[in-house]
Amino acid sequence: MGYVASNPSDLQASFYEAAANPAIWSDTLERFSSTFRSRGCLLTTANFMPGGIPHSHGMRDVLDQFFRENWHTRDLRTELGRPKRMTNGFFCDQDILSYEDMEKSDYYHGFARNAGVPWFSAAVLTERFEDDFIAISLQRSASDGAFSKSELASMNVLLPQLRNATEVARRLADLRG
């Protein structure tokens, strides 16, 4: 695995384009997902709402299951990832849970593995208050494997511009009402 984008500035620019034109978020997140060889990518907030989570094309069935089975009310990754917040950039499963704890986890067996996304990486993009944030989450299948430290480092290189673009999107959304 590894960072495969030929031009990181193009990927960053696509986030600014999506900030200005929310209709293209799915395509932008699909591009980010493909760049990091992931099954899908989504933007999350503190308050999950069915149909309210921008996501890449490959995440629709995963999100349907997430809400249908009420995993949004007991999302272990978000719960354990909250302390990581803005300070650490991108983090992954191994940063919040040991392999032994993943093996014992209802969330990993009942949802993540069952939905075909046993591996993830995430970072907070913008945060106003503890319960008002936007995060990006990449989801990988078992065959794609866990995210490596070098992949997280590659994503962190992009993170400052992704955060700026997300703040632009937030401000434009506020202006649009």
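Just a few scattered comments:
- Contour minus Cα-Cα distance for Ala13 and Glu100 (0.36 nm per residue): 27.4 nm
- Carbon + sulfur, % of accessible area of the chain - ligands and nucleic acids excluded, 1.4 Å: 52
- Remark: accessible surface ordering of Arg77, Arg163, Arg60 (largest first) is Arg60, Arg163, Arg77, probe radius 1.4 Å.
- Cα gyration tensor category, rounded, prolate or oblate, for the stretch 138-177 with a/c compared to 1.5: oblate
- Across Val157, Val124, the residue with the most accessible area heads the list, and the full order at a 1.4 Å probe is Val157, Val124.
- Computed with every protein chain present, the accessible area of Met102 is close to 10 Å² [probe 1.4 Å].
- Accessible-area rank, largest first, for Lys149, Lys104: Lys104, Lys149, with all protein chains present and a 1.4 angstrom probe.
- A probe of 1.4 angstrom, applied to the heavy atoms of all protein chains, finds Asp174 with accessible area near 90 square angstrom.
- Measuring between their Cα centroids, the stretch 100-177 and the stretch 22-74 lie 10 Å from each other.
- Over every Cα atom in the chain, the radius of gyration and the widest Cα-Cα span, Dmax, amount to 15.2, 46 Å.
- DSSP H segments from the chain that extend 20 Å or more along their own axis, Cα-based, with Kyte-Doolittle mean of -1.0 or above: 149-176
- In this calculation the C-beta distance from Asp174 to Arg60 is compared with R0 = 35 Å, giving a FRET efficiency of 0.80.
- Gaussian network model of the chain, springs between alpha carbon atoms under 10 Å - residue of Tyr107, Tyr16, Tyr99 with greatest fluctuation: Tyr99
- Gain on full stretching of the segment that runs from Asn114 to Glu167 - 0.36 nm per residue minus C-alpha separation: 15.7 nm
- Thr78 paired with Asn156, simple spin-label distance in nm, labels 7 Å along Cα-to-beta-carbon: 2.5
The values are calculated or read from the model by the stated rules, or taken from the named source; none is laboratory data. Keep in mind that this is a model prediction, so the values were computed, not measured. Glycine also receives a Cβ, built like all others from the backbone with ideal geometry; neighbour counts cover every protein chain displayed. For accessibility, only protein heavy atoms count, side chains too; no ligands or nucleic acids. Shrake-Rupley method; radii C 1.70, N 1.55, O 1.52, S 1.80 Å.
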